[in-house]
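Enquirer: What follows is a single structure, and I will ask about it in a moment.
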Amino acid sequence: MAKSLGIESISASQVSEITKGLDERVEEFRTRGLGEEYPFLWIDAIYEKVSGEGKVESVAVMVAYGVDMEGQREVLAVEPLWEESEDS
């Protein structure tokens, strides 16, 4: 992926620093307050290929959207659904 961005090489420590920064931003997004009223809400799923433990699997990523009183759409939450339950 680095080469596709024009980066010739990247060290493990650089990857670690980048992901640490991303983890912090994701946590800020996940714990932020929702100060708006959203008269319209919907949830959708997108499927992404995820590799791990020597295999690639398709994982549903649930995305919750809201439309505020001015008609602006906002992503409210993004969560992977690692396993399906009988309830879903």
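Enquirer: Could you check region 6-35 and list, in sequence order, the residues that are over 20 Å from TYR65 (Cβ atoms), under 21 Å from the mean Cα position of the chain (by Cα) and not hydroxyl-bearing (Ser, Thr, Tyr)?
Expert: The answer is VAL15, GLU17, ILE18, LYS20, GLY21, LEU22, ASP23, GLU24, GLU27.
Enquirer: Out of all the residues in region 66-87, is one or more hydroxyl-bearing (Ser, Thr, Tyr) and surrounded by 10 or more Cβ atoms within 10 Å (Cβ to Cβ)?
Expert: Checked against the condition, which is being hydroxyl-bearing (Ser, Thr, Tyr) and surrounded by 10 or more Cβ atoms within 10 Å (Cβ to Cβ), region 66-87 yields no hits at all.
Enquirer: I'd like the full set of residues that are free of Cβ contacts under 8 Å to residues at least 12 places away in the same chain and either among the small types (Gly, Ala, Ser) or closer than 16 Å to ALA77 by Cα (or both), limited to region 30-59.
Expert: If the condition is that a residue be free of Cβ contacts under 8 Å to residues at least 12 places away in the same chain and either among the small types (Gly, Ala, Ser) or closer than 16 Å to ALA77 by Cα (or both), then THR31, ARG32, GLY33, GLY35, SER51, GLY52, GLY54, SER58 are the ones that fit.
Bear in mind these aren't lab numbers, they're just calculated from the coordinates by the rules spelled out. Remember, it's a predicted structure, so these values are computed and weren't measured experimentally. Note that each Cβ is placed from the backbone with ideal geometry, even for glycine, and that neighbours are counted across all protein chains shown.
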